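Below: one structure in structure tokens.
Coordinate-derived values only; no laboratory data. This is a predicted model, so every value here is computed, not measured. Methodologically, a virtual Cβ is constructed for each residue, glycine included, from the backbone with ideal geometry; neighbour enumeration extends over all protein chains shown.
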Amino acid sequence: MNIQIRLMAIAIFFVLLTGLSALYLLDSVQRAENTALQEQQLLFSATLAIEEAHTQFKIQIQEWKNLLLRGKNLQAYETYLGAFNRQSNLVQEHLATARIAFDSNSRPQIDELIINHKKLTETYLMTLNNAKLDTLNNIERLDKSIQGIDRPFDNLFPNLIKNLSLSFQNKILQDNQKHAEASQHYILWISFCVIISTLFIIASFWTAIKTTRKDKFNH
């Protein structure tokens, strides 16, 4: 009977261990999935933010052209200049949103983009200090003085968006692999505990049967 009690106690212990392990591992897998989803969402949001920043930058350049062509009187000048500045602020806001998803190794890349955009905007505004937009010749002269300065900055966006998209795809693949490995470990451990518990339960019942038969034989 002592052996049977011990075997049952061990079996119960493994049953409890199986239950607790299942809860702990399930919680660990769930927390890992939630973390992975958050990181994926950050990368996806960053990609969208960069794309939106690129779109707003193109609008900013269009507002600059509107300023040159239509800002001949003070009211129109202030209207288009305000639109140009608003677009600049929107670009900065979207870049700042995207920056959150960049880790310490790749963050200098987005920081450089933010700084370059500020410098570019300042260059545009500086050309207006002594400029006169009252004649077509003055407008053409001003336009030629900064012609093409937006292209190097504009060309940075496609590669950045491509890299972010690849990072997003790689992140999904890595997370799926980690999830598969974690699930496999989870199944193996639970299976091991169940098998051990089953063996001790069988051993306990087998001992009980042998003891009962021995008692009957003795009587």
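Modelling each spin label as a point 7 Å along the Cα-to-Cβ direction, I'd like the residue 100/residue 180 distance in nm, to one decimal.
Here the modelled spin labels are 3.2 nm apart.
Oh, and also: For a footprinting-style exposure proxy, rank 25, 120 by other Cβ within 10 Å, fewest first.
So the residues, fewest neighbours to most, are 25, 120.
Fully extended, how many nm does the chain gain between residue 126 and residue 107 (0.36 nm per residue separation, minus their Cα-Cα distance)?
Additional length available on full extension: 4.0 nm.
Continuing with this model, one more query. Could you identify which residue out of 43, 199, 81 has the top mean-square fluctuation in a GNM of the chain using Cα springs shorter than 10 Å?
199
Moving to a separate point now. If I build a Gaussian network model for the chain, linking alpha-carbon pairs within less than 10 angstrom, which residue out of 32, 182, 203 has the largest mean-square fluctuation?
Maximum among the listed residues: 203.
Now for a different question. Looking at the chain, how many pairs of lysines come closer than 28 Å at the Cα, when each pair is eight or more places apart or spans two chains?
23
Here's something else I'd like to know. Using the alpha carbon gyration tensor of the chain, what are the three equivalent-ellipsoid semi-axes (square root of 5 times each eigenvalue), largest first, in whole Å?
Value: 75, 13, 10 Å, ordered largest first.
Neighbouring Cβ atoms within 10 Å as the yardstick, rank 201, 149 fewest first.
Exposure proxy ranking, most exposed first: 149, 201.
Within a 10 angstrom radius of the beta carbon, how do 196, 12 rank from fewest other beta carbons to most?
In order of increasing Cβ crowding within 10 Å: 12, 196.
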